[in-house]
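Student: Below you'll find the structure I mean.
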Amino acid sequence: MNTSQKSHIGIIGLSVMGRSLALNMADHGFKVSGYNRSASVTEQVMEDHPHKNLFPFYSLEEFVNSLERPRKVMLMIQAGAPVDAVIDQLVPLLEQGDIVMDGGNSFFEDTRRRSNALAEAGIHYLGVGISGGEEGARFGPSIMPGGEESAYQAVRPILEAIAAKAMGEPCCAYIGPDGAGHYVKMVHNGIEYADMQLIAEAYLLLKYVGNFSNFELADIFREWNQGELKSYLIGITAGIFREADDLDGGQLIDRILDSARQKGTGRWASIESLKQGVDISMITSACGARILSNHLDERKMASAQIEGPGILQADDRAAFAETVRRALYAGKIIAYAQGFSLMQDASERYGWNLDLGTIASIFRAGCIIQAVFLGDITKAYEADSNAGNLMFNPFFGNRINEYQDSLRCAVSTGVLNGLPVPALSQAASYLDAFRSPASGANLIQAQRDCFGAHTYERNDRPGSFHHEWRITDDN
Ligand code: 6PG
């Protein structure tokens, strides 16, 4: 390769996501150098997907030398120690001003640490959240770049070109400094967990209380996907219920083990929320539901030993389906209100100056949580960028007022019939904890002051008070 043919960008890691992103860039006219630790993966990619703009390299030195300056390198490798290992090998080959991007699901604190370390060597580091799975990476993901803005401007034309487009606008925008891009991706994934859990609970209610068959469920979800719930996840759910089982006949959904794993981004969001003091109980409950689902042996023992109520089926199935739809929508509003509150808090805590409206707008297409709903969130923040909790926005507040009866009905139906509905229950609890003038915290203050002299605050005058509690075994 002579100088005039140098590549615009290089990708390290050519597994599914890296390969798809490389081909997406190549399709958009960028010359892309590809490198993978195992040469056989690179060879396979070139055999399966030969492309005039994609150039394979089998040594890191040659890969680095193939790139135009300042070099732009995207890491598409497993988050954690492998990222540090590749950075250690790569950095000695780079020069001041070069740009390294991490396009994996890295923990944002790791990204902050790496960007500080690379800054000392004069190398720019961008933590780039990328959502959309294989299809998104190949044909248009949602992209959340964080790091130095000047470095982002250098890679912006490439990232914007390959991003999904919503109403003609690229679903890619500068998020903020250091770990902001990966933080926002983490919250995206947390919301994804809550969305998926809500859909799973709607499925349980419709299947067992509504007595809907898989094909009826497919029709219901397809219909929901025509209206305000229209989203990627509702769309694929409709398709999933129709999918035939190649191995054993019938529908595949009935042959899939009732146990769901997680790689950790939703859990990270929950842990951060506790550290920050923001309630994202729906995301946490979605993590908990997956964790409990993994305890298959214990669940089997429990279902043999602990009785549940019998299931009472809905009389009016169509009306019940509408109740579930409204409950799902109300739950979705509350899950997003929680996720966006977490980002709002992080923005202030880390000084990132996150633009929540822009973030909502780049979730409108390309990513897993893409939905019509995100357009409404974008409008809410456009109307008032400091709107606070999403439920204060008139559009979402009105929907909550309209649909909360359905949410309460879906939760109580689940509880009375012994069907687990943790995310819907958390939605109702959060709504009431947020809305109700009485939360019971006055009693908790009293208890703390009583057993530990932690003092208490009053509702009739300012200040901290301690009371000598006259409590004996007799009273
Ligand atoms: C995305 C997805 C993607 C991946 C999740 C799945 O935005 O494209 O979120 O990042 O599918 O990591 O996470 P779990 O394995 O934890 O469900």
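The values are calculated or read from the model by the stated rules, or taken from the named source; none is laboratory data. Quick caveat: nothing in here was measured; it's all calculated off a predicted structure. Reconstructed Cβ throughout: ideal geometry from the backbone, glycine too, with neighbour counts over all protein chains shown. For accessibility, only protein heavy atoms count, side chains too; no ligands or nucleic acids. Shrake-Rupley method; radii C 1.70, N 1.55, O 1.52, S 1.80 Å.
Student: Of the listed peptides 34-42, 174-182, what is their order by residue-averaged count of other C-beta atoms within 10 Å, with the highest listed first?
Tutor: Result, highest mean Cβ count within 10 Å first: 174-182, 34-42.
Student: Sketch the reach of a paramagnetic label on Glu109 as a point 7 Å from Cα along Cα-to-Cβ, and name the residues of the stretch 259-300 whose backbone nitrogen lies under 19 Å away.
Tutor: Flagged as within label range: 263-280, 284.
Student: Over the chain, what is the relative contact order in percent, taking alpha-carbon pairs closer than 8 angstrom and at least six residues apart?
Tutor: 13 percent.
Student: Local charge sum around Gly210 (other residues, Cβ-Cβ under 13 Å, Lys/Arg +1, Asp/Glu -1)?
Tutor: Charge balance near Gly210 sits at -3.
Student: Can I ask one more? Which order do peptides 47-56, 200-209, 263-272, 97-106 fall in by mean Cβ count within 10 Å, highest first?
Tutor: The peptides rank, most packed first, as 97-106, 200-209, 263-272, 47-56.
Student: Taking H placed 1.01 Å from N in the peptide plane, check which residues at least 5 places from Lys165 or on another chain put their amide H under 5 Å from its amide H.
Tutor: Residues meeting the criterion, in which the H sits 1.01 Å from N, are Cys171.
Student: Let me ask something else about it. Assigning unit charges at the beta carbon (Lys, Arg +1; Asp, Glu -1) and nothing else, what dipole magnitude in debye, to the nearest 20, does the stretch 3-178 show about its Cα centre? Walk me through the numbers on the way to the answer.
Tutor: Values: 14 positive and 22 negative charges, 65 e Å.
For the stretch 3-178, the charge dipole is close to 320 debye.
Student: Considering the dipole of the chain built from charges on the beta carbon (Lys and Arg +1, Asp and Glu -1) around the Cα centre, which of Met196, Ser213, Phe139 is farthest to its positive end?
Tutor: Phe139
Student: Packing-wise, with mean Cβ within 10 Å as the measure, how do 12-20, 186-194 rank, highest first?
Tutor: For the peptides 12-20, 186-194, the packing ranking is 186-194, 12-20.
Student: Write down the Å³ per residue value for the convex hull defined by the alpha carbon atoms of the stretch 185-435.
Tutor: Numbers: hull volume 34.0 nm³, N = 251.
Considering the Cα atoms of the stretch 185-435, their hull volume per residue is 136 Å³.
Student: Write down, largest first, the equivalent ellipsoid semi-axes of the stretch 189-259 in whole Å, where each equals the square root of 5 times an eigenvalue of the alpha-carbon gyration tensor.
Tutor: The equivalent ellipsoid of the stretch 189-259 has semi-axes of 20, 15, 13 Å.
Student: So which of Lys263/Lys300; Lys230/Lys263; Lys52/Lys165; Lys31/Lys230 end up more than 29 Å apart by C-alpha?
Tutor: Lys31/Lys230
Student: Largest first and in whole Å, what are the equivalent-ellipsoid semi-axes of the stretch 1-159 based on the Cα gyration tensor, each being the root of 5 times an eigenvalue?
Tutor: Semi-axis lengths for the stretch 1-159 are 21, 18, 15 Å.
Student: What is the sum of charges, Lys and Arg at +1 and Asp and Glu at -1, for the other residues whose Cβ falls under 12 Å from the Cβ of Gln404?
Tutor: Numbers: positive: Arg326, Arg399, Arg408, Arg435; negative: Glu402, Asp405, Asp432.
Residues close to Gln404 contribute a combined charge of +1.
Student: For the stretch 3-178, give the percent of accessible area contributed by carbon and sulfur heavy atoms, probe 1.4 Å, rounded to a whole number.
Tutor: Values: 3590 of 7230 Å².
Roughly 50 percent of what the probe reaches on the stretch 3-178 is carbon or sulfur.
Student: Now for a different question. What accessible area per residue comes out for the chain, rounded to a whole number of Å², with a 1.4 Å probe? Walk me through the intermediate numbers first.
Tutor: Details: 22680 Å² over 475 residues.
On a per-residue basis, 48 Å².
Student: Let me ask something else. Could you tell me the relative contact order of the stretch 185-435? Use alpha-carbon pairs under 8 Å, at least six residues apart, and round to a whole percent. List each step's numbers first, then the result.
Tutor: Details: 336 pairs, mean separation 71.7, N = 251.
Computed value for the stretch 185-435: 29 percent relative contact order.
Student: So for the stretch 2-55, considering every pair of alpha-carbon atoms, how many percent are separated by more than 17 Å?
Tutor: Working: 364 of 1431 pairs.
Here the long-distance tail beyond 17 Å is 25 percent of all Cα pairs in the stretch 2-55.
Student: List the aspartates and glutamates whose Cα sits under 20 Å from the Cα of Lys275, skipping any in the same chain fewer than 8 residues away.
Tutor: Glu109, Asp110, Asp178, Asp345, Glu348
Student: State the Cα centre-to-centre distance between the stretch 121-176 and the stretch 280-321 in whole Å.
Tutor: The stretch 121-176 and the stretch 280-321 have Cα centres separated by 39 Å.
Student: Across bins of 10 angstrom width beginning at 0, how are the C-alpha pair distances of the chain distributed, in whole percent?
Tutor: Reading upward from the zero bin: 4, 18, 25, 23, 17, 9, 3, 1, 0, 0.
Student: Give, as a single signed number, the net charge of other residues whose beta carbon lies under 13 Å from the beta carbon of Ile130, with Lys and Arg counted +1 and Asp and Glu -1.
Tutor: It works out to a net charge of -1.
Student: Moving to a separate point now. Quick one: which residues, 5 or more positions from Ser7 or on another chain, have an amide H under 5 Å from its amide H? H modelled 1.01 Å from N in the peptide plane, none for Pro or chain starts.
Tutor: Leu67, Glu68
Student: Take every DSSP beta bridge with both residues inside the chain and express the antiparallel ones as a percent of the total, to the nearest 5. Before the final figure, lay out each step's value.
Tutor: Details: 12 of 34 bridges.
So the antiparallel bridges amount to about 35 percent of the total.
Student: Same structure again: Share of the stretch 185-435's accessible area from carbon and sulfur, percent, 1.4 Å? Numbers along the way, then the final one.
Tutor: Details: 6170 of 11690 Å².
In the stretch 185-435, the share of accessible area belonging to carbon and sulfur is 53 percent.
Student: Enumerate the calculated ³J(HN,Hα) couplings along the stretch 51-66 in order (Karplus 6.51 cos²θ - 1.76 cosθ + 1.60, θ = phi - 60°), each rounded to whole Hz, writing x wherever the residue is Gly or Pro.
Tutor: Each residue's phi maps through the Karplus curve to give 8, 5, 9, 10, 10, x, 9, 10, 9, 5, 4, 5, 4, 5, 5, 7 Hz.
Student: Near Lys379, which aspartates and glutamates are there with a Cα under 17 Å away, not counting those fewer than 8 places off in the same chain?
Tutor: Glu169, Glu228, Asp355
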